[in-house]
1. Looking only at segment 250-257, decide whether some residue is in a loop (DSSP other than H, G, I, E, B), acidic (Asp, Glu) and surrounded by fewer than 18 Cβ atoms within 10 Å (Cβ to Cβ).
2. Hey, can you tell me all the residues within segment 221-270 that are out of contact with any helix residue (DSSP H, G or I) (no Cβ under 8 Å at 6 or more places or on another chain) and among the small types (Gly, Ala, Ser)?
3. Give the residue that is surrounded by the most Cβ atoms within 10 Å (Cβ to Cβ), with candidates limited to residues of segment 147-167 that are under 18 Å from the mean Cα position of the chain (by Cα) and polar (S, T, N, Q).
4. Just to confirm my filter: which strands (runs of 3 or more DSSP E) fall fully inside segment 264-383 and include at least 3 residues that are at pLDDT 95 or above, in contact with a strand residue (DSSP E or B) (Cβ under 9 Å, 6 or more places away or on another chain) and over 29 Å from Ser191 (Cα atoms)?
5. Identify all residues within segment 56-91 that are over 16 Å from Ala119 (Cα atoms), among the hydrophobic types (A, V, I, L, M, F, W, C) and touching a Ser or Thr at 6+ places or on another chain (Cβ under 7 Å); write none if there are none.
6. Identify the residue in segment 193-213 that is at pLDDT below 75 and part of a loop (DSSP other than H, G, I, E, B) and, among all such residues, is surrounded by the most Cβ atoms within 10 Å (Cβ to Cβ).
7. Within segment 262-276, is there a residue that is without any contact (Cβ under 8 Å) to a residue 60 or more places away in the chain, of a type outside the set (Ser, Thr, Tyr) and under 26 Å from Cys30 (Cβ atoms)?
Amino acid sequence: MPHLSVEKPNITLGLFDQYQAVRQLSEMLCQPLAVEDYGVQSMADVSPPKWHLAHTSWFFETFLLCPYLENYEVFSAKYSYLFNSYYEAVGSRHPRAQRGLLSRPTVAEIYQYRAYVDAAMRSLLSTTDPSPKITELLTLGLHHEQQHQELLLTDIKHIFAINPLRPVYRPAAVKTAPDQAVSPLRFLEFSGGLYTLGHQQPGSAIDNFAFDNEVPAHTVYLQDFALASRLVTNGEYLEFIEAGGYEKPEYWLSEGWATVQTQRWNAPLYWEKIDGQWWEMTLMGMQSLNLAQPVCHVSLFEADAFANWCDRRLPTEAEWEVAAAGMPIAGNLLESDRLHPQPASGSQPIEQLYGDVWEWTQSAYQPYPGFRPAAGAVGEYNGKFMCNQTVLRGGSCATPPGHIRPTYRNFFPAGTRWQFSGIRLAQ
């Protein structure tokens, strides 16, 4: 089975070439699937793979082709109901938790839909001078599809993990030695003061894009702080478990402790104890737990409890962004072809800022001062979710290259575990 070949967005390419590169990656990520895999929905938060393929096509059809391509005819009038995610301004939609009940349209029909939309997008973008609005919406659509590429992988992992056969999505491209040494955990100090937070000059070009929740840039004041030199490892988290971390309410937020009790959590998602040994479900199938790799698939509740246990805390999103300023945007992202967090090398003062796992912060997902959502339906993209969510930073091993940046604000509810989410400590 061929491994991934991921190209970073190239601003020298034409608009359609950029579009096509992103669209082809989505289909490449589905190549290891059997047709039976495409329609499974393992929980309400997970969408079937074929829904992702259709929804991203619906996005381009709805926001670009219908308003801007003359005489465009939709592939199917019923698809707007089936593949609208949460855009109230666009119309009613099929219930999210029931996406896995749809045996039709078939997988073949979904691929026909993608080809139809792609052909129409080629026509739209063949103009020598697309309007700034078209370019702006195209760039948003490409980053939207990149978000769904990561969701495809996280959802496929959950779909395979609930299957007792523990299917292998793809064999490991690179194997990590189970006894690899872990670099010592150090804390790098940063001086307090006034800092600028947020994206300062977003534009329509794909390499200078920012979501509306990353702006406007604004000034924040920080106290002196220190950030851990690397992510928390499986081995360090295992010490928390063995010390009774899941049994002692004093480490937990009230809602987190209630969740531990009702959900019967005793380890991160996908950890499984077999014959006295810990194993972990990965996209490469079941693997013995590698103590040197970063712990992942933990909730904010677990991240916060671990930090309390070791007398540290989680960073704020402002602290994370200040620490990341000027650092190269490189790491174990989707382009690395590993599809799993990897141990820190110990070669840099601060490591794993990008890739491996999304890092929980202690910051509530709220609007920046002066935030205004965009007009129309696309304004529903981020702003209306600014309640009961927490910010994560840095991307993961499933984040496409060219999609992550220092100002990127991911967000999920505190109990979320199926994403590649992990822990960096602060003090």
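1. Scanning segment 250-257 turns up no residue that is in a loop (DSSP other than H, G, I, E, B), acidic (Asp, Glu) and surrounded by fewer than 18 Cβ atoms within 10 Å (Cβ to Cβ).
2. Passing the criteria: Ala226, Ala228, Ser229, Gly235, Gly244, Ser254, Ala258.
3. Gln149
4. Counting at least 3 such residues, we get 271-274, 277-282, 285-288.
5. Correct list: Val90 only.
6. First pass over segment 193-213, keeping only residues at pLDDT below 75: 201-207.
Remaining after also requiring part of a loop (DSSP other than H, G, I, E, B): 201-205.
Details: Gln201: 8, Pro202: 19, Gly203: 14, Ser204: 16, Ala205: 13.
Only one residue tops the list, namely Pro202.
7. No, segment 262-276 contains no residue that is without any contact (Cβ under 8 Å) to a residue 60 or more places away in the chain, of a type outside the set (Ser, Thr, Tyr) and under 26 Å from Cys30 (Cβ atoms).
Here's the yes/no breakdown for (1) in contact (Cβ under 8 Å) with a residue 40 or more places away in the chain; (2) on the phi < 0 side of the Ramachandran plot; (3) touching a helix residue (DSSP H, G or I) at 6+ places or on another chain (Cβ under 6 Å):
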| position | (1), (2), (3) |
| --- | --- |
| Ala377 | yes, yes, yes |
| Met386 | yes, yes, no |
| Gln389 | no, yes, no |
| Leu392 | no, yes, no |
| Ser396 | yes, yes, no |
| Pro401 | yes, yes, yes |
| Pro406 | yes, yes, yes |
| Thr416 | yes, yes, no |
| Gln419 | yes, yes, yes |
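The values are calculated or read from the model by the stated rules, or taken from the named source; none is laboratory data. This structure is a prediction, so every number in the text was calculated from the model and none was measured. Here the Cβ is made from the backbone with ideal geometry for all residues, glycine too, and neighbour counts use every protein chain on show.
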